[in-house]
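Readers should treat all values here as calculations from the given coordinates under stated rules, not as data from a laboratory. Computed from a prediction, not measured in an experiment: that's the story for all the values here. Heads up, the Cβs are rebuilt from the backbone with ideal geometry, glycines too, and the neighbour counts pull from every protein chain shown.
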Amino acid sequence: MATEKTYYTIDPEGKLTCMKCRVPLHKGKAKFMYLDNGFPVELPVCPKCGFVYVPEELALGKVLSVEKALEDK
Amino acid sequence: MIIKERESTHVYRQKRLFTKEELEAREVLCVHEQPAYCNAACPLKLDTKAMVAAIAEGDFTKARALYEKITPFPHILSAGCEAPCEGKCKLCSLGEGIAVRELEVAAVRWGEASKKRGLLRKKTKKAVLYGMDLFTLFLAGELAKKMYPVTVFCAQEDYAAVIAACTADLPEEAQAASAASLAKMDIKFEWNADPASALAETALKYDLVCASWEVANQVYPGLEIDEAVMVCREKKLITGKTEGVLGAAFGAKKAALSADRLAQNLDPANTRGEEGSVETKLYTNLEGVEPSVRVPCDTKENAMAEAQRCIQCHCDECIKGCAYLQHYNKFPRVLTREIYNNVSIIMGDHMMNKPINACSLCGQCSVLCPNGYDMAEICHMARQNMVSTGKMPLAPHEFALMDMVFSNSEAFLCRKQPGFDTCKYVFFPGCQATAIAPATVRAAYLDLCNRLEGGVALMLGCCGAICDWAGRYEMHENTVKFLNEKMAELGNPTIIAGCPTCKKELSTHENVEILGIWEILEEIGLPEKAKRLDKPIAVHDACGARGDTETQQSIRRIAETLGCIVEDTPYSGDKSPCCGYGGLTQFTNREVAKKMTDKCLERSGLPYLSYCMACRDQFAREGRESMHLLELVYGTSADHCPDISEKRFNRLSLRNELLKDVWKEEVEEVELGFAIDYTPEAIAMMDNRMILKTDVIRVLQNLKETGEAIFDGDSGLCVTRARLGNVTFWVKYTETETGFMVHRAYSHRMNVQTR
Ligand SMILES: [Zn+2]
């Protein structure tokens, strides 16, 4: 299988817990979608309910800059 | 309600902004790149303006280099040029124009001769000149410069004699210099010749045959020439009769160009390009320019002083007044072309989206420009165009558009005055007044009800300017329709607008009678509790009142009635700049909006009196003492600048309180079932990040329903999120006894999912 490009990866290192499922978040596969463009990433994800956590630094940093770039495409 | 996000970036649609002809017709209005009056007057196309600028800086060598570009004999030309440029100098209308010819002499005198040698290879076609007069002398120089091998048959015996014969009045020193430069030119002289018999005998040996007018007439009496190209077609002879030094120099230029055409066996009259002096459309503002008189250019310093009188004619009327144009540092002509191209891009980066969305659409440029260049219209058209092709991102405008939706739904109110079946008037205060100064709106409405005959209805909402500014034409049409229906329900009363932008916007609706509240107040007089303000103030004219002199005057009269000493500021009235709110600049580009506000405030150090609540708010935020006319009139001041959540809260509370107090209708408050507190940091952060308290409430309600949140062991904060429309909002909180304490909030537009 061809290795898929992952645009961003972050490991929760056991510091994040899903409050609903009471289990630690792990590094999981996620995807950002915007204006019909997809970006595979690895983010903290709850293994039970699938809650994907987008940290503040990521939202205001990389995510924002990609949004802006796509908006003007 | 959700506003639809733009389409996929992979949809390749495009629509022309306007035709190429219209583009050109617009571009031509911008005269910034038109030549200065002196440059345009010079048939030899001297960059006079640049030459004078070089002398003003003391760079005589640079000035001389510019001068040498147009003539092989700078001494001769500068000494005798008739200088039509001087009469065209803009300073002539005030005092004395620049002594251009004297400055040319100065450049030649104190500047070093250009050492640049032509790197061109010698041409193969050979040129010959018979007889030396001023025209053929210049022509010999021009042809040598063009790298033709040149041979001259003349009656004189040496260079000095040639120069003396051609330029009898030239001072000795200049004659010597000219003779020296003639000697340096790569021209072969046949001295002591009889040019007329030489022409008859030797002309066939050469490709390009030129003769002085006298010699040509000796050989071919009564010959006819085409003056425009200095050629006798019948004899294939380059010659002509010229008058004066400039005439000879210009004639030689034309003849040299004809030589080029003939060398290629082409008709000398075709495709010659622009020759001679031209008309310029330049505009130059002489405001603040003092009349002055010529300084004799007898020393370097005096020549510099004379050159320094030059005002370097140019037109920057629009850019001087507009923070937006200054920010992008582009003249409308260039900006238009780039926007036109941007709109035509099918795929790839649209670099001009930001400038298109940063214009305040205030229309100041159309007043400042001597030709009425309307950048606002172009930016507005471009926005509509982008919306129509699905290329307009929603992100820059969504907050403002949702704010408008809020104004015209949850916070909307339309009621007749209690006890009236029909109302003569309806008060329309506008979305900014209700958001920023609700107490003033309330006082104004109650006053109008009290003092006007015939009933005054009330309509709280947005006039539609917001979606119009965003280029959302469908939304705008719907808004117009909605408001028209509501007006019809009231029996189409005369609208009393509280805001000049609303007045302008609503007056475009069909069958509308509209007045500004200021006009009513002038008619019925000011209320008793009107606050006198006995001090000097600066009036900031709203962009909504551009072209509405009656409104501008009315505001000033009311201010004066209240004791204000209205001091005139630059860029007032129709020339007024935008406060930074207009055109949604405040939402699309805070940096430019701030510059716009600063530009407004730099005009005066006095407290500002506005008649648009958005202006009042923008100025107050910058720390200036700022008030709205209605705050004075009703003695109610909006004491602090509300944040984005307070603006919504204010509108809603005003609506609900008026419903309760005036119409005796109770509005049921929705119970949340939990308390929300915010840290001061969260409040500031939310305002900055355009996150409303109502967004946070919805996220926390979602949390209550789903229980979806995570705990971050590092910060000790819980984090939850909800997708609201096109945006995902995240809230960091701690639980309290009664509900939540919000610590941070952020958002993103991208959708995230597991894969
Ligand atoms: Zn979970």
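Other residues lying with their Cβ under 14 Å from the Cβ of B:Glu523 contribute a combined charge of -2, Lys and Arg counting +1, Asp and Glu -1.
For segment B:127-263, a Kirkwood radius taken over Cα pairs fed into Stokes-Einstein (25 °C, viscosity 0.890 mPa s) yields D = 168 µm²/s. Within segment B:367-396, what residues put their amide N at less than 19 Å from the label point 7 Å along the Cα-to-Cβ vector of A:Lys68? Correct set: B:392-396.
What's the ranking of B:699-709, B:649-659, B:246-256 by average number of surrounding C-beta atoms within 10 Å, highest first? Numbers along the way, then the final one.
Numbers: B:699-709: 17.3, B:649-659: 19.5, B:246-256: 23.7.
Final packing ranking: B:246-256, B:649-659, B:699-709.
Once the Cα-Cα distance is subtracted from the 0.36 nm per residue extended length, the B:Lys69 to B:Asp661 segment shows a gain of 204.9 nm. Between B:Asn751 and B:Val278, the C-beta separation translates, for a Förster distance of 60 Å, into a calculated FRET efficiency of about 0.50.
Summing Lys and Arg as +1 and Asp and Glu as -1 over all other residues whose Cβ lies under 12 Å from the Cβ of A:Val63 gives a net charge of 0. Computed from Cα positions, the angle between helix B:438-451 and the longest principal axis of chain B comes to roughly 80 degrees.
Take the cross-link list B:Lys320/B:Lys503; B:Lys354/B:Lys594; B:Lys123/B:Lys184; B:Lys125/B:Lys254; B:Lys45/B:Lys575 and give me the ones stretching past 26 Å between alpha-carbons.
Violating the 26 Å limit, Cα to Cα: B:Lys320/B:Lys503; B:Lys45/B:Lys575.
Most tightly packed first, judged by the mean number of other beta-carbon atoms within 10 Å of their residues, the peptides B:63-69, B:612-618, B:325-331 read B:612-618, B:63-69, B:325-331.
Across the alpha-carbon atoms of segment B:675-748, the computed radius of gyration and Dmax are 11.2, 33 angstrom. Separation of segment B:321-349 and segment A:1-69, taken as the distance between their Cα centroids, equals 37 angstrom.
Could you tell me how many degrees, from 0 to 90 and to the nearest 10, lie between the Cα long axis of helix B:375-388 and the main elongation axis, the longest principal axis, of the Cα atoms of chain B? Roughly 60 degrees between the two axes.
Based on Cα atoms of segment B:396-644, Rg over Rh with Rh as the Kirkwood radius reads 0.94.
Report the local net charge at B:Glu190: Lys and Arg +1, Asp and Glu -1, summed over other residues whose C-beta lies under 13 Å from its C-beta.
Neighbour charge sum, excluding B:Glu190 itself: -2.
Could you work out the relative contact order of chain B? I mean the mean sequence separation of Cα pairs under 8 Å and 6+ apart, divided by the number of residues, in percent. Here the relative contact order equals 11 percent. For A:Lys5, the lysines whose Cα falls under 24 Å of its own Cα, not counting residues fewer than eight places away in the same chain, are A:Lys27, A:Lys29, A:Lys31, A:Lys62, A:Lys68, A:Lys73. The mean number of partner chain beta-carbon atoms within 10 angstrom of a residue's beta-carbon across peptide B:391-399 is 2.
Where a ≥ b ≥ c are the square roots of the eigenvalues of the C-alpha gyration tensor, would you call chain B rounded, which needs a/c under 1.5, or, failing that, prolate if a/b is larger than b/c, or oblate? Here chain B falls in the prolate category. Ignoring lysines fewer than eight residues from B:Lys486 along the same chain, the ones with Cα atoms less than 16 angstrom from its Cα are B:Lys416, B:Lys424. Legend: distances between Cα atoms for B:Lys62/B:Lys281; B:Lys49/B:Lys115; B:Lys529/B:Lys693; pairs beyond 31 Å are B:Lys529/B:Lys693. Take the Cα radius of gyration of the protein assembly as shown and divide it by 2.2 N^0.38 Å, N being the number of residues; the result is 1.33. Ellipticity at 222 nm from helices only: DSSP H runs of n ≥ 4 in chain B, each -39500 (n - 2.57), divided by the residue count, give -13000 deg cm²/dmol. Look at the alpha carbon pairs under 8 Å that are at least 6 residues apart: their mean separation over the length of chain A gives a relative contact order of 26 percent. Of the beta bridges in chain B, as assigned by DSSP with both residues counted there, near 40 percent are antiparallel. Backbone geometry of segment B:189-201 corresponds, through the Karplus equation with coefficients 6.51, -1.76 and 1.60 at θ = phi - 60°, to 3J(HN,Hα) couplings of 9, 9, 6, 6, 8, 9, x, 5, 6, 4, 4, 4, 8 Hz, x marking Gly and Pro. Of interest is the spacing of the C-alpha centroids, which for segment B:212-257 and segment B:417-454 amounts to 83 Å. Legend: mean number of C-beta atoms from other chains within 10 angstrom of residue C-beta atoms, peptide A:12-21, equals 5. Taken over segment A:17-71, the ratio of Cα radius of gyration to 2.2 N^0.38 Å equals 1.25.
Using the count of nearby Cβ atoms within 10 Å as a rough guide to exposure, how do A:Glu67, B:Glu227, B:Glu737 rank from fewest to most? Before the final figure, lay out the partial values.
Numbers: A:Glu67 18, B:Glu227 12, B:Glu737 5.
Ordered by Cβ neighbours within 10 Å, fewest first: B:Glu737, B:Glu227, A:Glu67.
Measuring from centroid to centroid over Cα atoms, what is the spacing of segment B:685-755 and segment B:62-116 in Å? With segment B:685-755 and segment B:62-116 each reduced to a Cα centre, they are spaced 72 Å.
Relative to the longest principal axis of the Cα atoms of chain B, helix B:590-601 runs at roughly 80 degrees. Considering only alpha-carbon pairs that sit under 8 angstrom and 6 or more positions apart, the relative contact order computed for segment B:91-242 is 24 percent.
Each peptide in B:684-690, B:411-417 was scored by the mean count of other Cβ atoms within 10 Å over its residues; highest first, the order is B:411-417, B:684-690.
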